[in-house]
Amino acid sequence: MKKFLSLVLLSLVLVFSTGDFCFGQEFEARVRNISGREYFPAVQDALAGAEESIDMVMYVIELPQSKSNKVQELVNALVEARQRGVEVRVILDQNVDFVNQRHESDWIERVRSYRAYRQLKDAGIEVFYDRLSQYTHAKALVIDKRKVIVGSTNWTQAALDRSVEAAVLIESPDLAQSFRQYFEKIELDKAAAETGQQGLRIPVAFMTSSNLGPEMAKRNDQRGFDVYIYLLRQGAEKGTSFNLDHDDLADYLGIAEMGRTGYRRQIIKSLRKLEREYKLITFEPQFGKESQITLLESDEGKDVFWLADEYFDFGWNRELSMRAKFCYFINLLESARSDAPPFWSKSLNRIREEFGGIGRDVISKGMDELQRKRLIETVYDDLTNTPFEKRKPKMYKLATLYDPEALRQELSRLEGEYGKKEFIQAVNYARVVREENNPQVIEDIILKARRNPLNVKKAFQIIRLKNADNPKKTYGYVVGILENWGWE
């Protein structure tokens, strides 16, 4: 017989990278113990009985190759719920034991929950990874906004059949609402595990031929790079020959304030360079009229990669340095080639070799800028008992392009809310771990510094001394230090 307990106070602790949850709140609830082998049938029944919604946050869903297993049955139950009209939303942790794999064919197996992600996505379910820098360790479901299933059980064969796990099924609409609100705080990476062929086609040869993109990067010829990408977009809309709108190009480049004579002079200078030095176009300037442009390199039948429209819509050409742009295009190309996009990994020497012998400084500083701008995330090999020369290559993950103006507004809001002094101090701390453009981290630092400023200062002093490529130079490690020290 199923036994239920009526509780006046229910205290639950979930493990996330930052934030508090339900502390001090009281809920009346009916609680059923579904620990151990009771978990699987209880969850299966709850999913089968769902009528309205299923909200799920799971650290790991590990689907074996075989089709007959309990994990697959639970995933099937989510799919079946979606098919009968239930709204299903799933959030998965994205932390990856990636750098231990040398061959690209192994990557897909090491990306957490990748096979489950694909099955759920293909079934039309809303499924997301958290950001790679976040640590989402919860194992929880909310069903029909009134049932909560929470505990230590991951959706793995080991957890369902062999491990000692604890879990409870709780009936409480108020608690369910609190969980759902907390799930909303998880920062999602909506680009993770997604590939797409949308936007502007960029010839691979532009990035790999030493006399084209790599030469522009070496010369720091940002204007030439930007003009050529703009021309490619115009060519995609108008054909390989077209009249150039100098005014529109000036707006794109951010030089309209020069005045028409001034920016036309700068544009024609860049066009001549693209024609004579890079041999990518021909153009016929006409006094007081639009230039006639012909693109010499057609992408028809050639290897290409894709540049999203958001690059233009959000004005990223004016946000990034030349080396960061070049490295962003490298990330676009390599993630498109990868067996497990948007993840990819290559050594610095191999990147230089494949991209026209580009300098180390361009790669290292360009990738660092992209990481600070939150356009890529980087995972480093573990330092434990590993000589530096034997460390495996970094793993990179391409992130979603966002609106920089929206970010500036959010940072301005934080400054206004907490004051300039506390805001600047938090930004300086965040810069140590390359998170100065992460409002969530900045706000968390402010709150932690208010609680114990000395400990926060000491923790960042420890992290500041670590090498730039040290895998512990992250905000998650700072949080770990503070938790080990305690707050009181």
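Values in this text are rule-based calculations from the coordinates and carry no lab data. These numbers were taken from a predicted model, which means no experiment stands behind them. Note: ideal-geometry Cβ built from the backbone for every residue, glycine included; neighbour counts use all protein chains shown.
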Quick check for me: using +1 on Lys/Arg Cβ and -1 on Asp/Glu Cβ, what's the dipole size of the chain about its Cα centre, in debye to the nearest 20? 1400
Treating cross-link reach as a plain straight distance, find the aspartates and glutamates whose alpha-carbon is under 12 Å from the alpha-carbon of LYS238, omitting any fewer than eight places away in the same chain. none
Alpha-carbon gyration tensor eigenvalues x 5, square-rooted, for segment 404-485, Å: 22, 15, 9
Starting from the exponent 0.38 and prefactor 2.2 Å, build the expected Rg for segment 315-449 from its residue count and divide its actual Cα Rg by it. 1.19
Least to most buried among GLU377, GLU73 (fewest other Cβ within 10 Å first): GLU73, GLU377
Given H placed on each backbone N at 1.01 Å, which residues far from TYR135 in sequence or on other chains put an amide H within less than 5 Å of it? SER17
Positive-pole candidate from LEU271, TYR252, ALA138, dipole of the chain, charges at beta carbon: LEU271
Test of understanding: ordering ARG374, ARG265 by Cβ neighbours within 10 Å, fewest first, what list do you get? ARG265, ARG374
Using 32 Å as the Cα-Cα cut-off, could you pick out the over-long pairs in LYS279/LYS365; LYS394/LYS457; LYS279/LYS473? LYS279/LYS473
Order by neighbour count: ASP309, ASP55, fewest other Cβ atoms within 10 Å first, most last. ASP309, ASP55
Computed E for ASP313/ILE255 - FRET, C-beta separation, R0 25 angstrom, nearest 0.05: 0.85
Going toward the positive end of the dipole of segment 350-466, with +1 on Lys and Arg Cβ and -1 on Asp and Glu Cβ, which of GLN461, GLY366, VAL433 do you reach last? GLN461
Taking the Cα centre of segment 216-287 as origin, sum charge times position over the Cβ atoms of Lys and Arg (+1) and Asp and Glu (-1), and report the length of that vector in debye to the nearest 20. 400
Explain nothing, just compute: Karplus ³J(HN,Hα) = 6.51 cos²θ - 1.76 cosθ + 1.60, θ = phi - 60°, for every residue of segment 433-447 in order, whole Hz, x for Gly and Pro. 10, 6, 10, 5, 10, 10, x, 4, 5, 4, 5, 5, 5, 4, 5
What lysines does LYS139 reach when the alpha-carbon gap must be under 18 Å and sequence neighbours fewer than 8 apart in one chain are set aside? LYS70, LYS147, LYS185
So what is the relative contact order of the chain, in percent, for Cα pairs below 8 Å that sit 6 or more residues apart? 13
The orientation-averaged projected area of the Cα convex hull of segment 168-282, in nm², is 13.0
If I take every Cα pair under 8 Å that is 6 or more residues apart in segment 423-485, average their sequence separation and divide by the length, what percent do I get for the relative contact order? 30
Counting only C-alpha contacts under 8 Å and six or more residues apart, can you give the relative contact order of segment 201-337 as a whole percent? 34
Provide the three semi-axes, in whole Å and in decreasing order, of the ellipsoid equivalent to the chain as defined by the square roots of 5 times the Cα gyration tensor eigenvalues. 47, 26, 22
Segment 404-485 - charge dipole about Cα centre, Lys and Arg +1 at Cβ, Asp and Glu -1, debye rounded to 20: 440
